[in-house]
Amino acid sequence: MQLAEFIEEFKDAITEQTMQNYRPLYTFDITPYQSRLRELRRQPFTSQSHCISGLVKCYQEGQRSAFMVGEMGVGKTLIGASTSFVAGFKKVLILCPPHLVKKWEREILTTVPYSRVVILKTTKDVDKAIEMANPEKTNYFIISRERAKLSYCWKPVYIQPRVSEGRRCNDMIACPSCGRLIVDEEGIPISPEVIQKKKLRCRNTIEKDKLCNSPLWQADRDGPRRYSLAEYIKKYYKGYFDLLILDECHEYKAQGSAQGYAVAALANVCKNVLAMTGTLMGGYSTSLFYLLYRLTNDFKKHFNHDDSIRFAQKYGILERIWKEKSGWSEDGASSKRRQFSSRIVERPGVSPEIITHLINKTAFMRLSDVAEILPPYHDIVETIEMEGEQLREYQIFAQTMQDELRKELARGSKKLLGAYLQSLLCYPDAPWREEVVTKRMGDEVEVVASAPALSKDVLYPKERRIVDLCLNEKKQKRKVIIYCTHTESRDITARLQIILQEKGLNVVVLKSHTVSSEEREDWVKQKVQEGIDVLICQPKLVQTGLDLIDFPTLVFYQIEYSVYTVRQASRRSWRIGQKNAVKVYYLTYGETIQEKGLHLVAKKVKASLMVEGELLNEGLSAQAAEEDMMTQLAKSLVESTTAKESAEALFSSCRQAFAESQSFIGHKMEELEGPIEESPEEPIPEDKIPSMGFLWDDLKEKITIKKYQRKPIHDPNQLVLF
């Protein structure tokens, strides 16, 4: 029996079993929280109120950690601040990116009554703010991510022993406390180069069974005089804070990052945690592993700190690559034995089963849940063909690079891999700049491949397209943001600025050094008031927190390979208050590595959206393919035409329903209250299909269902929290 046939035959039983195992924690009863919600200075939307109430109930039911996954623009800052107030937390610590510190202060003061906000920059600020905390008010302490993780610089400490009068040994070092040579675990003396890289302690035995254990490093007085606020709070204020709010929590996912360790330190000393993000997952299952491990206690019951591969085996896609060793000089004595090497690589993709680690502590929201009327949003992928000399030189360059790369990989070397990728990605966008790839052979440098610099006086196909696009948008009085990935050594922003200015467009370029991160939002507003037509920047500069409603057209001129950056940067304009249709273009040259890269990004985006409840087959996600069996299962369940209403409540994020459509898909007759009038089966127009997406949203296909006329049993703006 095929999978689709199995689901079709047993879909009712599957739905019933799902509802028995996963009951909603929050059932839209806002009554217990209504009085506190009314005290807020700014009243949230209906769906925001349900999200706040659901998160509060999550804490009341004993959950220590909760996640708020909201599409960019749903008002996560307001929801986070309001949740802390409604839940009654008096001491709230907020960790956010540096350019959002002022925004958090502004949002809290305009939303939460009887609040006190302090921005912490030094350890003295921490002590003073806690000492002056008002127990009658809700006290908010805001720390930027950089101040939480960065500490003082250090340098090694050692002495060089004398070998004779006036002479010292430069190859050996000794402990300044005990005076003995510094050795490793095997008793071998350590060189000065080793101690420069890692903080060590002396392992010499000075008495019977007693180690010296003196630190072989100290603070560098010539460096910045600061101390990690995360470590300071962990050391001196354990258990003081009632709630830790992590804004843009996806940025703390890496295994060995300094900010990841800072978050782990703060999460362990705060009583409760609220993690907020617009992009929970980055396409790979392991992008969730360390986030869940650092923030949730129940996750640690199933996985250890080093179980990321086991986690990926269960919830992700792993590929084992086998390679026969070349030049094998030994045959089996009585068989055709050969030796193979293997390596494991994680591929984009995730099993829907991963939702079991989130379903009891996560609220998902879409932007349309908040705004009753939003303009259309379009992802537009454009493949542009190279021409003439540009095409010919690229093909020669690519073929030469591929041949050389294969030779290096056959030898087990990956030295050319990075150069191969960067050169082939960049040359089509900048054929007027020579590309030379070299490798070092001993003391000599050998040229592996090169592509000549073509004429700067020619507008190449992608440049002509961006000129036409910007001019057309200006005629419609629409401002444009152009995202360029390479803005330093392979910078193309200056050329784009000149090309567009020659066509009469007002263009500005934003770089990391143009303005400080704290002032970036005000800088953009000032440029808009000055009448710019086009803003060129690196997408990471504006990917989080900024509202760029004045730019309804966004163009990825070069592809960004971080799914977090792509999703965040593409939604800077489609937000509450936007009145124009939002168009996001992805420009790529056909038959190049750029096109393959876009396909990889699309697969990661699709996997990321699936965790948040969207199975899409349009826009950028349409570039992806290859669904695993569990994904097919989830999608088939969503497309089921006879799912029960309770399943709809389970899987729905309650997107604003069309007023005239109060249909409940396959609702059980005995569960309906009041008189029911059944109408004949009829096809529902595509634009009238209600949302089916708490786990899988925006799946709008023509289906045939039975329509029941009755009064709605809940508000169409409601949000389900599991």
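Among the criteria (1) surrounded by fewer than 24 Cβ atoms within 10 Å (Cβ to Cβ); (2) at pLDDT below 85, the one T296 does not fulfil is (2). Evaluate the range 567-582: report whether one residue or more is surrounded by 23 or more Cβ atoms within 10 Å (Cβ to Cβ) and modelled with pLDDT of 90 or more. Yes: one or more hits. On the stretch given as the range 215-263, residues that are over 26 Å from the mean Cα position of the chain (by Cα) and either buried (at least 23 other Cβ atoms within 10 Å of the Cβ) or among the aromatic types (F, W, Y) (or both) total 8.
State all residues of the range 352-372 that are small (G, A, S) and either modelled with pLDDT under 80 or surrounded by fewer than 18 Cβ atoms within 10 Å (Cβ to Cβ) (or both); if no residue qualifies, say none. Result: S368, A371.
Scanning the range 398-418 for residues that are within 34 Å of the chain's Cα centre (by Cα), under 15 Å from I593 (Cβ atoms) and touching a residue at least 24 places away in the same chain (Cβ under 8 Å) yields A398, M401, L416.
Go through (1) assigned by TED's automatic domain parsing to the domain that holds E408; (2) over 33 Å from the mean Cα position of the chain (by Cα) and name the single condition K475 misses. All conditions pass for K475, except number (1). Taken over the range 169-190, the criterion of being in contact with a strand residue (DSSP E or B) (Cβ under 9 Å, 6 or more places away or on another chain), at pLDDT below 85 and surrounded by fewer than 14 Cβ atoms within 10 Å (Cβ to Cβ) is satisfied by D171 alone. Of all the criteria given as (1) within 19 Å of W154 (Cβ to Cβ); (2) part of a loop (DSSP other than H, G, I, E, B); (3) modelled with pLDDT under 85; (4) of a type in the set (D, E, K, R), the one not satisfied by E193 is (2).
Selection of the range 536-565 for residues being buried (at least 20 other Cβ atoms within 10 Å of the Cβ) and more than 21 Å from the chain's Cα centre (by Cα) yields I536, F551, P552, T553. Residues in the range 385-418 that are at pLDDT 85 or above and hydroxyl-bearing (S, T, Y): Y394, T400. Taken together, the residues in the range 553-600 that are touching a residue at least 60 places away in the same chain (Cβ under 8 Å) and assigned to a helix (DSSP H, G or I) amount to 12.
Among the residues making up the range 525-535, a single one is touching a residue at least 40 places away in the same chain (Cβ under 8 Å) and surrounded by fewer than 17 Cβ atoms within 10 Å (Cβ to Cβ): V528.
As a summary of the residue check, D522 satisfies the conditions (1) touching a residue at least 60 places away in the same chain (Cβ under 8 Å); (2) farther than 30 Å from Q422 by Cβ except for the one numbered (1).
Assessment of the range 545-552 against the conditions (without any contact (Cβ under 8 Å) to a residue 40 or more places away in the chain, assigned to a loop (DSSP other than H, G, I, E, B) and assigned by TED's automatic domain parsing to the domain that holds V508) yields at least one matching residue. At least 1 residues that are among the aromatic types (F, W, Y) and within 30 Å of K103 (Cα to Cα) in each: list the strands (runs of 3 or more DSSP E) lying fully within the range 441-522 that qualify. The strands (runs of 3 or more DSSP E) meeting that bar are 480-483.
A count restricted to the range 113-134 and to residues that are of a type in the set (D, E) and surrounded by 15 or more Cβ atoms within 10 Å (Cβ to Cβ) stands at 1. In the range 115-123, the count of residues that are touching a Lys or Arg at 6+ places or on another chain (Cβ under 6 Å) and at positive phi is zero. You will find that of L374, L391, L409, the residue that is out of contact with any Asp or Glu (no Cβ under 6 Å at 6 or more places or on another chain) and closer than 24 Å to V74 by Cβ is L374 and no other. If you go through the range 142-168 and keep only what is more than 14 Å from Q218 (Cα to Cα) and modelled with pLDDT under 90, you end up with Q160, P161, R162, V163, S164, E165, G166, R167, R168.
Considering the range 120-149, the residues that are farther than 18 Å from E248 by Cα and hydrophobic (A, V, I, L, M, F, W, C) include one that is nearest to the chain's Cα centre (by Cα), namely L120.
Taking the conditions (1) touching a Gly at 6+ places or on another chain (Cβ under 8 Å); (2) under 21 Å from L358 (Cα atoms); (3) of a type outside the set (G, A, S) in turn, N268 satisfies each one other than (1).
Among the residues of the range 196-214, those that are of a type outside the set (S, T, N, Q), surrounded by 14 or more Cβ atoms within 10 Å (Cβ to Cβ) and assigned to a loop (DSSP other than H, G, I, E, B) comprise L200, C202, R203, C212. In the range 71-152, counting only helices (runs of 4 or more DSSP H) that sit wholly within it, the ones holding 1 or more residues that are within 19 Å of V263 (Cα to Cα) and out of contact with any strand residue (DSSP E or B) (no Cβ under 9 Å at 6 or more places or on another chain) span 123-131, 145-149. Could you list, in sequence order, the residues of the range 1-58 that are crowded, with 18+ Cβ neighbours inside 10 Å, hydroxyl-bearing (S, T, Y) and out of contact with any Gly (no Cβ under 7 Å at 6 or more places or on another chain)? Hits for the range 1-58 are T15, Y33, T46, S47, S49, S53.
The values are calculated or read from the model by the stated rules, or taken from the named source; none is laboratory data. Note that the structure is a prediction, hence the values are computed from the model and not measured. All Cβ positions, glycine included, derive from the backbone under ideal geometry; neighbour counts span all protein chains shown.
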